[in-house]
């Protein structure tokens, strides 16, 4: 008897499509939740088997009616635009929709894995410790981060009261990069933006530092390769992780200069970096440092090393060149 499919929300998105790709490789069927037009428009996802496709607004009804009976839900669908300021919209898409899927997984008795975000940590004044006792002290820099934090807090409260799936886990994604993000345009990783700029004009533009004591290009983020993210999602399902919200980064902050230098190297191009002012609309909400503490995920049993930045960038660039062509 065939195994029931995995419901993957945000399946036409960056991480969602890579997870679907991994399901294809494992011979696991999926039900893909996303806007149908995305699957046709995004050529970077060509060749993937997305299975049954359902609109985001229709998935809860399909689950409730029993027309879809999954073995698990991997909830990656959300508004991920950190510049989105409509609180009502973010509440509906990122909080309420997540609560509905959680409630279904609880009643159906199936695992539920979801995407949180490092944006919940705000400017990092309280560090990047994923101890759930500290979630209430966090102050996100934007409504997107707040919507993600509110679901983390709600999920933990529900679990405390025993109203939870038999296995559930959330992951605070740090700066994920890798193949399949071209459709994100402005929100795509700096690797992709650097790749395009180097090929177009031989130079890369980075944001100038607007903070004393931090040199231009020395802003640091925890960059994590999407292949590692997918591995952790499978670990959460296969182990399974019984409960908890965990950081998902490499555990090692690197500078944006490190990132673009790795991209220049992967393309065999000479380094040429220009600095521009950070746009006014994001300047006050810009994070200058992120670094995941990974102790809790390691304690939960995840032992694989994370991909070194230079290795991940090189693999990503090679795939871009293979798919999009070499000059």
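The values are calculated or read from the model by the stated rules, or taken from the named source; none is laboratory data. This is a predicted model, so every value here is computed, not measured. As a convention, Cβ positions derive from the backbone with ideal geometry for all residues, glycine included, and neighbour counts pool all protein chains shown.
Can you tell me which residue in the range 309-327 is surrounded by the most Cβ atoms within 10 Å (Cβ to Cβ), limited to those that are part of a loop (DSSP other than H, G, I, E, B) and either free of Cβ contacts under 8 Å to residues at least 40 places away in the same chain or in contact with a strand residue (DSSP E or B) (Cβ under 6 Å, 6 or more places away or on another chain) (or both)?
Going through the range 309-327, the residues part of a loop (DSSP other than H, G, I, E, B) turn out to be 325-327.
Narrowing the set further to residues that are either free of Cβ contacts under 8 Å to residues at least 40 places away in the same chain or in contact with a strand residue (DSSP E or B) (Cβ under 6 Å, 6 or more places away or on another chain) (or both) leaves 325-326.
Values: 325: 7, 326: 9.
Going through the qualifying residues, I end up with 326.
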ask   = Across the range 264-297, which residue is farthest from the chain's Cα centre (by Cα) among those that are assigned to a helix (DSSP H, G or I) and loosely packed, with under 13 Cβ neighbours inside 10 Å?
value = 280
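Test residue 303 against the criterion of being surrounded by fewer than 13 Cβ atoms within 10 Å (Cβ to Cβ), in contact with a strand residue (DSSP E or B) (Cβ under 6 Å, 6 or more places away or on another chain) and at pLDDT 95 or above, and give yes or no.
Details: surrounded by fewer than 13 Cβ atoms within 10 Å (Cβ to Cβ): yes; in contact with a strand residue (DSSP E or B) (Cβ under 6 Å, 6 or more places away or on another chain): no; at pLDDT 95 or above: yes.
Here the answer is no, as residue 303 does not meet what is asked.
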task = Please enumerate the residues belonging to the range 32-65 that are touching a residue at least 40 places away in the same chain (Cβ under 8 Å) and part of a helix (DSSP H, G or I).
result = 38, 41, 44, 45, 56, 59, 60, 63, 64
query = Of all residues in the range 210-233 being out of contact with any strand residue (DSSP E or B) (no Cβ under 8 Å at 6 or more places or on another chain) and more than 17 Å from residue 18 (Cα to Cα), which is surrounded by the fewest Cβ atoms within 10 Å (Cβ to Cβ)?
reply = 212
